[in-house]
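Below is one structure, written out as structure tokens; comments come after it.
Coordinate-derived values only; no laboratory data. Remember, it's a predicted structure, so these values are computed and weren't measured experimentally. Every residue, glycine as well, gets a Cβ built from its backbone with ideal geometry; the counts of neighbours run over all protein chains shown.
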Amino acid sequence: MLALTASVSAGETGTAPKTYPPNSKSNPLPPTFADVAYGKHARNKLDFWQAKSETPTPVIMILHGGGWMAGSKGNVSRSPRFPNLRAILGEGISVVAIDYRLIGKHTEGATPPVKATLHDAARAVQFVRSKAREWNIDKERIASYGNSAGGCSSLWLAYHDDMADPKSEDPVARESTRLWCAAGSGAQTTLDPRQLQEWFSNPGYGGHAFGKYEYGKNFEKFLADREKLLPW
């Protein structure tokens, strides 16, 4: 879990270390801008918390978990499972939290279904970059963090080639999807059924991301279709 605190002791500076109230349901931190559309789908919305700074700030994009089937950006400022927003902002780092299309609800027509969720995350990075001047952020220092499936999406972004389309008529699509850094908590580090079988004695997770396999079931079919799925 990402935690930001002062690393210099009070004795060295003469002042007490910085402390920040935790995320909580009873005291959520309102975003600077809420429900900003970054794409065409109704789930393509983000919240933005702007750090106070006279110079452009780095920004971290937070991706909620839920197996790509559930979850909401609304939990980011309410749950201690997520990084402490007040601490991040207090250290001069702005924050973005996004919603994205969920498998089984909003991914019809996407092959495989997880493509929709991953490409939403990439689009959000591009959109945030496009807002660099307006939101006073450093477009070269964009990080991502997620828990569970959100962590997998974060790592996918980090390892994927740049998806910018320099010839697109859409200025957002011309922006880079590359990250300055990425992190995950409880992230799925593979969806390869053979790798999962080697790691776990009774694997059942992962097939739902590819659409033809019920969540937690049909693993043998998932494994048999591995070669067809490897491009993803």
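Data table
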{"read-out": "GNM top mover of D192, D138, D47 - the chain, alpha-carbon springs below 10 Å", "value": "D192"}
{"read-out": "Helical contribution to [θ] at 222 nm, DSSP H n ≥ 4, -39,500 (n - 2.57), averaged over the chain, rounded to 500", "value": "-6500 deg cm²/dmol"}
{"read-out": "Full-extension gain in nm, T111 to R81, via 0.36 nm per residue minus C-alpha separation", "value": "7.7 nm"}
{"read-out": "Hydrodynamic radius by Kirkwood, which averages 1/r over all alpha carbon pairs of the chain, in angstrom", "value": "18.7 Å"}
{"read-out": "Relative frequency of Cα-Cα separations exceeding 15 Å in the range 190-232, percent", "value": "27 percent"}
{"read-out": "Positive minus negative residues near S72 (Lys, Arg vs Asp, Glu; Cβ under 15 Å)", "value": "+4"}
{"read-out": "When each of K25/K115; K105/K167; K73/K217; K73/K105; K105/K139 is checked by Cα-Cα distance, pairs over 23 Å", "value": "K25/K115; K105/K167; K73/K217; K105/K139"}
{"read-out": "Where GluC sites (Glu not before Pro) fall in DSSP loop in the range 137-232, at most 16 other Cβ within 10 Å", "value": "E169, E214"}
{"read-out": "Extension gain from E214 to H41, taking 0.36 nm per residue of separation minus the Cα-Cα distance", "value": "59.8 nm"}
{"read-out": "Contact order relative to length of the chain, as percent, for alpha carbon pairs under 8 angstrom and 6 or more apart", "value": "18 percent"}
{"read-out": "Spatially proximal aspartates and glutamates relative to K18 (Cα-Cα < 20 Å; intrachain offsets below 8 disregarded)", "value": "E91"}
{"read-out": "Sorted largest first, extent of the range 65-185 alpha carbons per principal axis (Å)", "value": "41, 32, 23"}
{"read-out": "Among K131, K45, K167, residue whose mean-square fluctuation peaks in a GNM of the chain (springs only between Cα atoms under 10 Å)", "value": "K167"}
{"read-out": "Unit Cα scatterers, Debye sum, the range 114-203: log10 I(q)/I(0) for q = 0.13, 0.19 Å⁻¹", "value": "-0.48, -0.87"}
